[in-house]
1. Can you tell me which residue is nearest to Tyr116 (Cα to Cα) among those in region 160-219 that are of a type in the set (Ser, Thr, Tyr) and in contact with a Lys or Arg (Cβ under 8 Å, 6 or more places away or on another chain)?
2. Is there a residue being within 28 Å of His215 (Cα to Cα) and among the aromatic types (Phe, Trp, Tyr) anywhere in region 262-283?
3. Among residues belonging to region 186-204 that are assigned to a strand (DSSP E or B) and of a type in the set (Gly, Ala, Ser), point out the one that is surrounded by the fewest Cβ atoms within 10 Å (Cβ to Cβ).
4. How many residues, within region 207-228, are within 26 Å of Ser106 (Cβ to Cβ) and buried (at least 24 other Cβ atoms within 10 Å of the Cβ)?
5. Given Ser397, Ser401, which one is more than 30 Å from His313 (Cα to Cα), surrounded by fewer than 19 Cβ atoms within 10 Å (Cβ to Cβ), in contact with a strand residue (DSSP E or B) (Cβ under 9 Å, 6 or more places away or on another chain) and free of Cβ contacts under 8 Å to residues at least 24 places away in the same chain?
6. Please specify each residue of region 245-267 satisfying the condition of being buried (at least 21 other Cβ atoms within 10 Å of the Cβ) and of a type outside the set (S, T, N, Q).
7. Within region 268-283, can you find the residues that are surrounded by 24 or more Cβ atoms within 10 Å (Cβ to Cβ) and within 16 Å of the chain's Cα centre (by Cα)?
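The values are calculated or read from the model by the stated rules, or taken from the named source; none is laboratory data. None of the values given here were measured: they were computed from a predicted structure. Cβ placement follows ideal geometry from the backbone for every residue including glycine, while neighbour counts extend to all protein chains displayed.
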Amino acid sequence: MSKITLINLEQCAVTLAFSSFALLLGACGGGGDAAGAPAQAQTAPAATVPQQARPPDPVPAAAGQAAPADADDADGPDAAQLPDVAPESFAMAGYGAGGADDEQASLAARPGSALYVSPQGADDNPGSATRPFRTLARAARAVAPGTTVYVAPGAYSGGVQTTVSGRADARIAFVSTRRWGARIVPPARSDSTSAWDNRGDYVDIVGFEIDGGAHRGGERWTSGIYNGGSHDTIRSNHVHHVAREGGCSSAGGAAIGVDGYYGGVQSHAIANLVHDIGPAGCRFVQGIYVSTTGSVKNNVVYRVAEAGIHLWHDAREVIVSNNTVTSSNTGIVVGGGDFYHTSGPNDRTAVYNNIVYDNKMGISEQGRTGRNNSYRNNLVYKNSDYDWRLKNGLTHSGTVSSAPLFVGDTSVELPNFSLSASSPAIGRATPQHAAATDFNGRPRNVFSGYDIGAYQH
């Protein structure tokens, strides 16, 4: 293995390791600024450099060829011996809050062809509602533009690879029929560092639980959902206990990675629940990591080793709005450096309507950033080292500097971050860049008002 060291004159030195299997790129950020130091003097020690773990290129199976299955994903009895699966097991549940804009109704009524996956299925089935596939791997080989894959509740082995692209007018979607009902768990012996690796364009991954907490053998997951395609959406997923064990490696990791290394642009992380990511004190593991254009909206992120939301590499023109980030080392990092295809800076990024509360550091610009980034109507409070650290003379406006007054106790295993009736976040958001609904599908509009954070009151 050869090593090349690149020096970022503004912030840090990063070692790039090249091998025939993977390319690991470093990213500066997450607490490199010294309190009170001028921007040009800020230098992060190499030990604080966070990373985006990038899995090796997937090797697609030939058309019609069955992928190897783990013992827990094996077909089991011959498909002809299995009874038909009840179609009601694919009923949509747990998404929208009801009414005309109910998301679960829209997910169930997607145009185009449909395939079905169930723990009671078999991979030599035709993938119909009554004769579904058993594995996501089999469905991934059968999709075409316009296909929606409906996945019934149950446990499925991770290491999923999706490479087929949809089109702008014919997206491909993988949908858990019950939000967080289809659980992606480590296989008996993992050969991937990602629970789900998507390289296709115009792909939606909706409603899955990614649970990395029970490693069984082989490669440990350092990424929950890694996305290298364009115009993709990672939405309404629950990603947790990823990269918690195995030590703190500079190879890095993230719960959700939206990466531009392979040329991906305009992908989105929307309304995901992300928590317990990375070992405590590790500065290389992020919650939601974006290195291209796109958006990060309505996510709830907590207990992340480094940044809850981290923008780096070629990140620019990213909308970061209505997220709730707490109990992490850094709340939100807006930065650029170690560029893939551009020379930076991270500019025209908008950070609006976020709650960044009770982290070590709040909202921080790092690396190469531009003069057109904007920060409006955020609630930023009780971040122990600092609440704000902006560059280029930028300032923030409409900031609420008081406790958000959540409904629940934030110290419990699964906190409730919805807003109490007395929360100062209610009605204090701007409609600019706000999503049409909140984390649970409740509307945001002139009638319901616009609240700061992931939840509407």
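1. In this case the residue turns out to be Thr162.
2. no
3. Looking at the filtered set, the residue picked out is Ser190.
4. Qualifying residue count, region 207-228: 6.
5. On the way: Ser397 fails: more than 30 Å from His313 (Cα to Cα).
Result of the check over Ser397, Ser401: Ser401.
6. Across region 245-267, the qualifying residues are Gly252, Gly253, Ala254, Ala255, Ile256, Gly257, Val258, Asp259, Gly260, Gly264.
7. Passing the criteria: Ala269, Ala271, Asn272, Val274, Ile277, Gly278.
Let's see how each residue does on (1) closer than 21 Å to Ala173 by Cβ; (2) in contact (Cβ under 8 Å) with a residue 60 or more places away in the chain:
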site	(1), (2)
Asp259	yes, yes
Asn272	yes, no
Gly281	no, no
Val300	no, yes
